[in-house]
Amino acid sequence: MNFLDYVASRWQSLLVDSYQHASMVLQCIVLATIVGVLVGVAVYRSPAGAAIATALSSAVLTIPSFALFGLLIPVLGLGVAPSVLTLVLYALLPIVRNTIVGLSTVDQPILDAARGIGMGRFSVLTRIELRLAWPAILAGMRVSTQMLMGIAAIAAYAKGPGLGNLIFSGLGQLGGANALNMAVAGTVGVIILALLLDALFVLIGRLTTSRGIRG
């Protein structure tokens, strides 16, 4: 069976795997964004705190994904839990770093003007600083999403959902019928999803960022 015939005969299961893969990545990005932005807000005024937060989130990326899954499986078991925690940890660095950079580069005269009209610290943060830092935060989310698309495939090692199961099954059966088709279908699916989600983030950026900030 050639590749196109394989896809045509199994398109429903491929769509389900693709949906699960994209859903897991997007949910992990949302969780990582909440955590990352909160961390960034907490430390961006402190150079030492910003350096520590960036260093800790960077340290996660030095751990091979297989090793991190292997460390979490005895604690969390197999399935969704170790997959989600691993993906969230890997997604933190770009979001934390970009949140800190975005908040730190807001022009001081803008903040002084906001305080001058009576805005409190929380209002300045939520209505001025975070809005101006949004393009940087979104860029961090975009980078993290692209990273997670590939790492999510490795989540099949922990019995996580998504296209990784197809890739692992194909690689484990190399030489057998449709083994190569399975691996290629899973890999191509990950690439297509990565491109679609990247386009989605570009669209979100255009819809949620004013022309003045983009320019």
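The values are calculated or read from the model by the stated rules, or taken from the named source; none is laboratory data. Given the structure is predicted, the values throughout are model-derived calculations rather than measurements. Heads up, the Cβs are rebuilt from the backbone with ideal geometry, glycines too, and the neighbour counts pull from every protein chain shown. SASA here: full protein model, heavy atoms, side chains in, ligands and nucleic acids out. Shrake-Rupley method; radii C 1.70, N 1.55, O 1.52, S 1.80 Å.
Every residue in the range 117-171 that is among the basic types (K, R) and open to solvent by less than 40 Å² (accessible area, probe 1.4 Å), please. Matches in the range 117-171: none.
Could you grab me the full set of residues in the range 158-190 that are under 15 Å from L26 (Cα atoms) and among the β-branched types (V, I, T)? Give the steps one after another, and end with the answer.
The initial filter retains those residues of the range 158-190 that are under 15 Å from L26 (Cα atoms), namely 160-163, 190.
Result: V190, single match.
Taking the conditions (1) over 26 Å from R131 (Cα atoms); (2) part of a helix (DSSP H, G or I); (3) open to solvent by 50 Å² or more (accessible area, probe 1.4 Å) in turn, I63 satisfies each one other than (2). Kindly list, by first and then second residue, each pair from a residue in the range 3-17 that is without any contact (Cβ under 8 Å) to a residue 60 or more places away in the chain and within 16 Å of L193 (Cα to Cα) to a residue that is of a type outside the set (F, W, Y) and surrounded by 11 or more Cβ atoms within 10 Å (Cβ to Cβ), limited to pairs with Cβ atoms under 7 Å and residues at least 6 apart or on different chains. If the second residue must be of a type outside the set (F, W, Y) and surrounded by 11 or more Cβ atoms within 10 Å (Cβ to Cβ), no pairs are left.
For beta carbons closer than 7 Å, sequence separation of 6+ or different chains, a first residue in the range 115-138 that is closer than 16 Å to T99 by Cβ and a second that is hydroxyl-bearing (S, T, Y) and at pLDDT below 90, the qualifying pairs are W134/T208; W134/T209; P135/T209. Only one entry in L14, L31, L4 is at pLDDT 95 or above and out of contact with any Ser or Thr (no Cβ under 9 Å at 6 or more places or on another chain), namely L31.
Screening the range 161-215 for helices (runs of 4 or more DSSP H) wholly inside it with 3 or more residues that are among the polar types (S, T, N, Q) returns the ranges 179-208.
Kindly establish whether I73 is free of Cβ contacts under 8 Å to residues at least 24 places away in the same chain and either open to solvent by 10 Å² or more (accessible area, probe 1.4 Å) or within 29 Å of V202 (Cα to Cα) (or both).
Details: free of Cβ contacts under 8 Å to residues at least 24 places away in the same chain: no; either open to solvent by 10 Å² or more (accessible area, probe 1.4 Å) or within 29 Å of V202 (Cα to Cα) (or both): yes.
It is false that I73 is free of Cβ contacts under 8 Å to residues at least 24 places away in the same chain and either open to solvent by 10 Å² or more (accessible area, probe 1.4 Å) or within 29 Å of V202 (Cα to Cα) (or both).
Please go through (1) at positive phi; (2) modelled with pLDDT of 90 or more for T145 and return the number of the only condition it doesn't satisfy. Going through (1) at positive phi; (2) modelled with pLDDT of 90 or more one by one, T145 breaks only (1). Per this entry, V96 is counted among residues that are more than 18 Å from L166 (Cβ to Cβ) and open to solvent by less than 50 Å² (accessible area, probe 1.4 Å).
The residues in the range 121-150 that are touching a Gly at 6+ places or on another chain (Cβ under 6 Å) and farther than 15 Å from T105 by Cα can be counted, and the count is 1. For the range 172-191, a residue qualifies if it is open to solvent by 60 Å² or more (accessible area, probe 1.4 Å) and either within 23 Å of V80 (Cβ to Cβ) or over 21 Å from the mean Cα position of the chain (by Cα) (or both), and the qualifying residues are G172, Q173, L174, G175, A177, L180, T187. Taking the conditions (1) modelled with pLDDT of 95 or more; (2) surrounded by fewer than 14 Cβ atoms within 10 Å (Cβ to Cβ) in turn, A53 satisfies each one other than (2). The helices (runs of 4 or more DSSP H) found entirely in the range 66-127 that carry 2 or more residues being at pLDDT 90 or above are 80-104.
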